[in-house]
Amino acid sequence: MPNEPDRRVALAAYAVTKRFPGVVANDNVDFEVLGGEVHALLGENGSGKTTLCKMLTGMYQPTAGRIEVDGKSVVMHSPADAHHNGIFMVHQHFSLVERLTVAENVMLGWSLDGSRIRFKRRKAEQEVARLAEQYEMPVDAGKMIGDLSIGERQRVEILKALCRGARVLILDEPTTVLTPQEAERLFASVRGLAKAGNSVIFISHKLHEVLAVSDRVSVLRRGVMTGTVELGDHAAAVDRKELARMMVGREIELGRRQRAARAQEAATAGLEIKELVVHNDLGTLAVDRINLNVAAGEVLGVAGVAGNGQREFAEAIAGVRPRSGGEVFVGGTPVRSGRPLAALAAGMAFVPEDRMGIGLASGIDVAENLVLKSFRTGAFSRGPLIRRGRVVDNANTLLSGYELRGGPSSLVGQLSGGNAQKVLLAREMASQPKVLVIAAPTRGLDVGVTETVRKLIAEAADSGTAVVMISEDLDEVLDLADRVAVMSGGRITGIVDAEGADVEEIGLLMMGQEQAA
């Protein structure tokens, strides 16, 4: 249950406006965080969440309005000023030194007694252990960061802030790379922080988490605060759909995909993977003898914590990365190792997690990106010359149903992440592929674009495409997939039906526990 706040305003922004050349990022925003509460901050990408948090942490100064700490107006010229006022932000990407211990990382650039000369290891380890016990964040103060799990590393980041006197913590997408068990431990720690009188600003795209852990929710839309919702005893009156509507301004459907009933044994073969072995860029084994079959019209979700071989797995299937062993078949046709054109000819489509680095060419326009895989055909070229008119006509046709902001001549490098993902999907689905491999389909996307991408994945499966969807968002996997294959340490530790799946079991599989035979 959410905590009952003491109603003291610990941190506030009043009538805050932040202008950049040609853009008003925050427009007359009021935002209050009470002592002892978990306050969620929601909004689409570009809604102004990041700008507001940067003003609250001293990285930006407001163009107009004021910021108050404990009822007193303050001007913060840098993060150091915010730290002096007890305001800290824990980012998605941790700033830890792997070859130092937990205590050394917590005290790095800091001292318990004001001394900058000597690091007092025993005293530091005792203080870290005390805070870890007080806030129920178990971690071994003497252990190397490189030996910790992702969840433990996140606890170290929080303990760093607490050791420096944090009273207000801003957690930015804190569960992105956590297993379900680690996320639950984080929620318990967050509740413990609030119970002890600290304030937590919780930023997340996962609406069910917001409802589970927050006392209040504030929503930004296009730089304007659309409202603050009390949860607590009134939580039953607020659901994911209502929060999504506040964020986007219209009804959003993010429910489970309607799965067509089909006999698995009679299903048409889409993708077959046999004894797949792949090494990463450093030559280390990343994928270890994976065997999978994905039927035509099926969505196979691949779940796991980041860094367990998912990227190498996807690239090897798509022909982008050479295989060290094993075979890949599309509709019964073998695909040569490390040959993207062979995979394309066999009917493979690929949407990588690195949209700009691998999926798209940022220096050319949308129309040209849409023919990157087909410009060699007579439809779009005559000898060495591109037929520009046909390329633009193709773009207008493909994008007609994608609600893309920007036309065919827009540079891809200037598109938002959501619009870039739409361009990628439009191009890959244009060939009506037999197999679609899509990695991190909605990472970093707001709820409106997420709805669009999910619909496109469902439509691909409904049209008979075999879909392999690799995602660290377990809720997304369970919403869209027919079956879930769990990866840990480069191996498939188990495969479960998505319908009625046990999240606890999946979490254990993500942590490396093998599925019972």
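The values are calculated or read from the model by the stated rules, or taken from the named source; none is laboratory data. This structure is a prediction, so every number in the text was calculated from the model and none was measured. Neighbour counts run over all protein chains shown; Cβ positions are idealised from the backbone, glycine included.
Descriptive notes on the structure:
- Residue match in region 496-516 (condition: part of a strand (DSSP E or B), within 30 Å of H279 (Cβ to Cβ), touching a residue at least 12 places away in the same chain (Cβ under 8 Å) and outside the structural domain of E209 (by TED's automatic domain parsing)): yes
- In region 463-517, of all residues being surrounded by fewer than 20 Cβ atoms within 10 Å (Cβ to Cβ) and β-branched (V, I, T), the one that is nearest to V299 (Cα to Cα) corresponds to I495.
The rows are residues; the columns are (1) surrounded by fewer than 16 Cβ atoms within 10 Å (Cβ to Cβ); (2) closer than 16 Å to H84 by Cα; (3) touching a residue at least 12 places away in the same chain (Cβ under 8 Å).
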residue	(1), (2), (3)
R8	yes, no, yes
A15	yes, no, yes
F20	yes, no, no
E32	no, no, yes
G36	no, no, yes
A40	no, no, yes
G43	no, no, yes
R66	yes, no, yes
G71	yes, yes, yes
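- Residue pairs whose Cβ atoms lie under 8 Å apart, separated by 6 or more positions or on different chains, with the first residue in region 410-429 and over 12 Å from L445 (Cβ atoms) and the second surrounded by fewer than 21 Cβ atoms within 10 Å (Cβ to Cβ) and of a type in the set (V, I, T), are L411/I364; V412/I364.
- Any hit, region 302-309, residues being assigned to a loop (DSSP other than H, G, I, E, B), out of contact with any strand residue (DSSP E or B) (no Cβ under 9 Å at 6 or more places or on another chain), more than 20 Å from A481 (Cα to Cα) and free of Cβ contacts under 8 Å to residues at least 40 places away in the same chain: yes
- Matching residues, region 434-454, being more than 16 Å from the chain's Cα centre (by Cα) and surrounded by fewer than 23 Cβ atoms within 10 Å (Cβ to Cβ): K434, T452
- Of all positions in region 215-227, none carries a residue that is closer than 19 Å to L474 by Cα and at pLDDT 85 or above.
- Apart from one condition, E157 fits all of (1) under 18 Å from V38 (Cβ atoms); (2) in the same structural domain as A13 (by TED's automatic domain parsing); the exception is (2).
- Residue pairs whose Cβ atoms lie under 8 Å apart, sitting 6 or more positions apart in sequence or on different chains, and linking a residue in region 334-361 that is more than 20 Å from M469 (Cβ to Cβ) to a partner that is of a type in the set (K, R) and surrounded by fewer than 17 Cβ atoms within 10 Å (Cβ to Cβ), are A342/R336.
- Taking residues in region 235-246 that are assigned by TED's automatic domain parsing to the domain that holds V219, and partners anywhere that are at pLDDT below 75 and hydrophobic (A, V, I, L, M, F, W, C), the pairs with Cβ atoms closer than 6 Å and at least 6 places apart or on different chains are A244/I252.
- Note on region 367-393: residues that are touching a helix residue (DSSP H, G or I) at 6+ places or on another chain (Cβ under 7 Å) and surrounded by 15 or more Cβ atoms within 10 Å (Cβ to Cβ) total 9.
- For region 346-355, the criterion of being under 25 Å from the mean Cα position of the chain (by Cα), at pLDDT below 90 and either crowded, with 18+ Cβ neighbours inside 10 Å or not assigned by TED's automatic domain parsing to the domain that holds G319 (or both) is met by at least one residue.
- Residue, farthest from A183 (Cα to Cα), within region 218-228, restricted to residues that are surrounded by 23 or more Cβ atoms within 10 Å (Cβ to Cβ) and in contact with a helix residue (DSSP H, G or I) (Cβ under 8 Å, 6 or more places away or on another chain): L220
- When we screen G151, G165 for residues that are over 27 Å from M55 (Cβ atoms) and either small (G, A, S) or not assigned by TED's automatic domain parsing to the domain that holds A10 (or both), the only hit is G151.
- Cβ-Cβ under 9 Å pairs, at least 6 apart or on other chains, region 372-385 side touching a residue at least 12 places away in the same chain (Cβ under 8 Å), far side aromatic (F, W, Y) and surrounded by 10 or more Cβ atoms within 10 Å (Cβ to Cβ): S374/F380
- Taking the listed residues A183, A132, A194, A103, the one that is in the same structural domain as P79 (by TED's automatic domain parsing), buried (at least 18 other Cβ atoms within 10 Å of the Cβ), free of Cβ contacts under 8 Å to residues at least 40 places away in the same chain and small (G, A, S) is A183, with no other qualifying.
- Hits in region 167-188 (condition: among the small types (G, A, S) and touching a helix residue (DSSP H, G or I) at 6+ places or on another chain (Cβ under 8 Å)): A183
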